[in-house]
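This report refers to the structure that appears directly beneath it.
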Amino acid sequence: MNIVLISEYFPHTEEREMRGGVEARCFYIAKELARKNQVTVIASHEPGAVRYGQIGDVTVLRVGPARNYTHHQGLWSRFLFALSICCVRLPQRPDLIDTQAIVAYIPGYFLARRYQARAVITLHDLWLGQWVKLFGWLGLIGEIVERIYLRLGWNGVIANSQYTFDKIKNRIKCRIQVVYNGIDHEHAPVTANQPIAHSLCVVSRLVPYKRVADVLHAQALLHSRGKEVHSHIIGSGPSADSLEKLAVDLGVASLVTFHGFLPKHGDVLRQLQSCNILCHPSSVEGFGIVTLEAALVGRPYVATDIPAIREVTRDGVGGILYPVGDIEVLAKALEQLLYNETFYQQKQKELPTLLARYQWHEQAAAVDSYYQTLV
C-alpha cells in the first residue's frame, strides 16, 4: 500500500526527538508500516529540518512556513500549517491517508478526498465541552474544529484506547478500531548506576491541566514531615516560570531540578531511569504513554486515577493511582513507594506484566490489518 500519515510534528532523525505521545505514535507506526508499505509522513517544517528527506524507510515531507515546536496557542502558525496540507502535491496517488493530529484532521480529510484515497483519522482523545475550561476563550476554536471533523465522512477511525472509543462511538458513523500505543523495547537504556535516592521524575508539558504544581505541593508536605524527596521535571511550557516560583515559595527549590525540554527521547528515558519513580499528575489524558515508558526502564509510577490511565495500567499494575488533585493521597503514595523498599520491589516486579501487551510491532500490525480492510 501507498500510505500517507499526517502529524503536526515529527522527529528530525532516527534519534527520535519526540515531544509527546501523538508524535511518538506516528513515528513508530510509520517505521513499522514502512517495512512492507510505501509510507510518507507529512508534518510541520521546523527550523533545521530538511523539507523533503528520509528517516529510515519513511519519506518525510515538511510543509508550511518554518515554525518552532509549540504546545500552547500558536494559532497563526497552526493555521498556515493546516492550509499548507491542503496544497500538498504528492508524487503519486496514495491508497490511504491517516491524519493523526487535531490541527490536521480537517485538511487531511480533504487532501484524501482530493486524491480519492481512503480517509482515516486516528483519535487520541475527545475534548468536547472541555476546551474552554482547559484553554480559556481560545478553546472555542478547538471546540468548533472538533465538532466539524466529527461530522466528516471518514472511511475509517482508529481510537488509541477503549476510553477514547467509548467517547466517540456514537458520534462517528463508521467502524472504529481500537489500537493501543506501544513501547520501543529495542531502545530501552541500560545502566548499572543506582537511581538518586528518594527521587521522582515528571515528564510533561508544563501547562495547567497537567497539574505539575500538585507534585510540588505533595513534595512540600512530605518535607514538612521530615521526608526529603527530590523532583526532576522534564518539559517546557507556559507554566514553567510559575512552577519555579512555586518551588521557591514552598521552600523546596533546592530539591527540585527543572531540566526543560530534552530533544532526544533516549535522554528522557535515561533521566527517568536515574530516578526511583515516575509521577504523572495530569488531569487530562487520552492514553498516558509516559507510564509505560517508566515501566520500560524499570520504574514504578504514581499517576492520577483517570479513565485512560486506569485502562492502560490495568487499574494500577506496577504503580499507584490516586484521585486527581488530592495532595494528601499523592504525598502518601509517594512516601509509600519511595520509603518502603518491600512495596517498591513488589511494584517493580509487576512491570513486565504491564508491558507485555504494548509492543509497537504488534500495534502496527493491527493498524496495517485495519488499513487492508479499508482499501
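The values are calculated or read from the model by the stated rules, or taken from the named source; none is laboratory data. All values derive from a computational prediction rather than experimental measurement. Note that we place each Cβ from the backbone using ideal geometry, even for glycine, and neighbour counts take in every protein chain shown. Remember, those area values only see protein heavy atoms, side chains included, never the ligands or the DNA or RNA. Shrake-Rupley method; radii C 1.70, N 1.55, O 1.52, S 1.80 Å.
Being small (Gly, Ala, Ser) and not in a loop (DSSP other than H, G, I, E, B) is the filter here; which residues of region 8-66 pass it? The answer is Gly21, Ala24, Ala30, Ala43, Ser44, Gly53. Is there a residue in region 265-287 that is more than 25 Å from His185 (Cα to Cα), within 14 Å of the chain's Cα centre (by Cα) and crowded, with 16+ Cβ neighbours inside 10 Å? Yes, there is a match, as at least one residue in region 265-287 is more than 25 Å from His185 (Cα to Cα), within 14 Å of the chain's Cα centre (by Cα) and crowded, with 16+ Cβ neighbours inside 10 Å. Only residues that are in a loop (DSSP other than H, G, I, E, B) and either at pLDDT below 90 or surrounded by fewer than 16 Cβ atoms within 10 Å (Cβ to Cβ) (or both) were counted in region 175-204, giving 12.
Checked against (1) part of a helix (DSSP H, G or I); (2) open to solvent by 10 Å² or more (accessible area, probe 1.4 Å); (3) modelled with pLDDT of 95 or more, Val367 passes all but condition (2). Every condition in (1) open to solvent by less than 50 Å² (accessible area, probe 1.4 Å); (2) under 29 Å from Ile327 (Cβ atoms) holds for Ile172 except the one numbered (2).
Quick check: anything in region 25-44 open to solvent by less than 10 Å² (accessible area, probe 1.4 Å) and of a type in the set (D, E, K, R)? The answer is yes; a qualifying residue exists. Each residue in region 350-364 was checked for being in a helix (DSSP H, G or I) and either open to solvent by less than 20 Å² (accessible area, probe 1.4 Å) or not acidic (Asp, Glu) (or both), and 9 pass. Only one of the numbered conditions (1) under 25 Å from Ser369 (Cα atoms); (2) open to solvent by 10 Å² or more (accessible area, probe 1.4 Å); (3) touching a residue at least 12 places away in the same chain (Cβ under 8 Å) is violated by Gln54, and that is (3). Just to be sure I understand the filter: pairs with C-beta atoms under 9 Å, separated by 6 or more residues or on different chains, first member in region 102-120 and free of Cβ contacts under 8 Å to residues at least 12 places away in the same chain, second member part of a loop (DSSP other than H, G, I, E, B) and open to solvent by 10 Å² or more (accessible area, probe 1.4 Å). Which pairs pass? Every condition considered, the pairs that remain are Arg113/Gly153. All of Ile141, Ile97, Ile102 fail the test of being surrounded by 13 or more Cβ atoms within 10 Å (Cβ to Cβ) and more than 25 Å from Val207 (Cα to Cα), apart from Ile97. Only residues that are assigned to a strand (DSSP E or B) and open to solvent by 10 Å² or more (accessible area, probe 1.4 Å) were counted across region 205-232, and they come to 2. Residues in region 240-268 that are modelled with pLDDT of 95 or more and either among the acidic types (Asp, Glu) or part of a loop (DSSP other than H, G, I, E, B) (or both): Asp241, Glu244, Asp249, Leu250, Gly251, Val252. Here are the criteria: (1) closer than 27 Å to Lys31 by Cβ; (2) touching a residue at least 12 places away in the same chain (Cβ under 8 Å); (3) open to solvent by 20 Å² or more (accessible area, probe 1.4 Å); (4) hydrophobic (A, V, I, L, M, F, W, C). Tell me which single one Val297 does not satisfy. Exception for Val297: condition (3). If I filter region 151-160 for residues that are farther than 22 Å from Ala24 by Cα, open to solvent by less than 30 Å² (accessible area, probe 1.4 Å) and aromatic (Phe, Trp, Tyr), do I get at least one hit? Within region 151-160, one or more residues are farther than 22 Å from Ala24 by Cα, open to solvent by less than 30 Å² (accessible area, probe 1.4 Å) and aromatic (Phe, Trp, Tyr).
Let's see how each residue does on (1) modelled with pLDDT of 90 or more; (2) touching a Leu at 6+ places or on another chain (Cβ under 8 Å):
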site	(1), (2)
Ile106	yes, yes
Tyr109	yes, yes
Arg113	yes, no
Ala117	yes, yes
Leu123	yes, no
Trp131	no, yes
